[in-house]
1. Where does the charge balance sit around Leu73 when Lys and Arg score +1, Asp and Glu -1, over other residues with C-beta under 15 Å from its C-beta?
2. Using only alpha carbon pairs under 8 Å that are at least six residues apart, calculate the relative contact order of the range 1-154 and give it in whole percent.
3. Using a 10 angstrom Cβ neighbour count of at most 16 plus a DSSP loop assignment to flag exposed chymotrypsin sites (Phe, Trp or Tyr not before Pro), which longest range of the chain is free of such sites?
4. For the range 1-129, with all protein chains present and a 1.4 Å probe, just round the carbon and sulfur fraction of the accessible area to a whole percent.
5. How much length would be gained if the chain were fully extended between Thr95 and Ala32, taking 0.36 nm per residue of separation minus their Cα-Cα distance, in nm to one decimal?
6. Taking every DSSP beta bridge that has both residues in the chain, what percent is antiparallel when rounded to the nearest 5?
7. Applying 1/(1 + (r/R0)^6) with R0 = 25 Å to the Cβ-Cβ distance of Arg232 and Ser197, what FRET efficiency is obtained, to the nearest 0.05?
8. Figure the gain on full extension for Thr137 and His10 (residue separation times 0.36 nm, minus the Cα-Cα span) and round it to one decimal in nm.
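The values are calculated or read from the model by the stated rules, or taken from the named source; none is laboratory data. None of the values given here were measured: they were computed from a predicted structure. Positions of Cβ are generated from backbone atoms using ideal geometry, with glycine treated the same way; all protein chains shown enter the neighbour counts. Just the protein is used for accessible areas: all its heavy atoms, side chains included, with ligands, DNA and RNA removed. Shrake-Rupley method; radii C 1.70, N 1.55, O 1.52, S 1.80 Å.
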Amino acid sequence: MKVEKVVRHHFPAVPGERFELDAELGAVRIAAGDGEEIRVEVLLVAEAPGDAEAREMLERIHCEFLRTASGPLVRSRVAAPRSFWRRGRREADVTFSIAIPCRQDLVVETRVGDVAVAQVLGDVSVRTGAGAIGVDTVQGEVCVETASGPIEVCRVEERVTARTRVGDVRLLQIGGPVEVSTVTGEIAAEIVRQPRSDSRLTTSTGSVSISLPGSAGFLLDAATRIGQIVNRIPSFFSTAGLGGSLRTEVNGGGPRLTVRTSVGEVSIRPSVPA
């Protein structure tokens, strides 16, 4: 028996405030909205052998909608969350859908759940204990972290910080410096502007691929224990063999681009023809 419940709440949209979501369980979807209100919809779903048991599970998921000195706060807690699991499958789920119509900094933390953020005017900070993170089109800095899951960040002009322990990291159309780390996973980063400050990309097991404008000036500082290092920027083509390091100024030098992997190839290539 599956039972659903929808909870809705509206906050006044005040530009410059901070919207915060603190959830123990749940997937999160945040996008641009319209009008003069922040709209929050929480979908609660429970599945159990009987209707009464499913409804009792829903009653153990609590949501609060608060206003703090810094802005709106949505807090969700679950009583006895371990009892939501049956035969290795979670039988209660929460999905937060949020529409923000004005510039607000965003802080999201969930213990378990995927997070997707798109078209936010402001800085974005996301942390999940287990789940994938996707961020697209943000006018501000982005800082995302997951203990287990892939990360993808697209179309950001400011600094991007992305951390995961297990999972690949993919950055597309990034205009600012980047700091990326994963323990087990590959890294692919597309930087579309001349670097303004230092960047660092590290993984223990996995290859690292970076593309930059062919005219970009930077100091490449790359190292791998097992793998090849290839710098394909035109006129600065250079390689290091299976294991070792490569430190060279590209196009007159500039901010430091540090790349580290223990097992994997490092590849630097132009994003546009020189």
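1. With Lys, Arg at +1 and Asp, Glu at -1, the neighbours total -3.
2. Contact order relative to length: 27 percent.
3. Result, exposed sites excluded: 1-235.
4. Accessible surface attributable to carbon and sulfur in the range 1-129 totals 49 percent.
5. Value of the extension gain: 21.0 nm.
6. Here the share of antiparallel DSSP bridges comes out near 30 percent.
7. 0.60
8. Separation in residues times 0.36 nm, less the Cα-Cα distance, equals 43.3 nm.
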